[in-house]
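The next block holds one structure in the form of structure tokens; read it before the comments.
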Amino acid sequence: MGAVTRVARQLGIGPESLRNWVKQADIDHGQRPGMTTAEQRRIAELEREVRELRRANEFLLQRSGAELISGRLNGNRVATHPGPWLHGLGEPVPGPGEEQSLRN
């Protein structure tokens, strides 16, 4: 019986789990090439963030599409320019055909 198997048995875990833990510890300490635990954790965080942003983007695209369709069906003027929230200064952004300066 090998040392890993014996220690794994003493710990009540499978030998392959212990081998994987030892291998990951070697990677984390720079003794073996591979992705560290910190790198794996960061990638998982970024993947979660990307999923969240994609869901939010899809929601916003669906909502803006529904508002565009709703506005056209109701005969309302549909904004074709960025809203004031995109201007950055809290001032309205003039749309096509509107006065270019809204300041007094």
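General observations
- Length added when fully stretched, residue 56-residue 19, from 0.36 nm per residue minus Cα-Cα: 9.3 nm
- Computed from the C-beta positions of residue 39 and residue 66, the FRET efficiency with R₀ = 41 Å rounds to 0.50.
Coordinate-derived values only; no laboratory data. Because the structure is a prediction, the values reported are computed rather than measured. Using ideal geometry, Cβ is built from the backbone for each residue, glycine included, and neighbour counts are taken over all protein chains shown.
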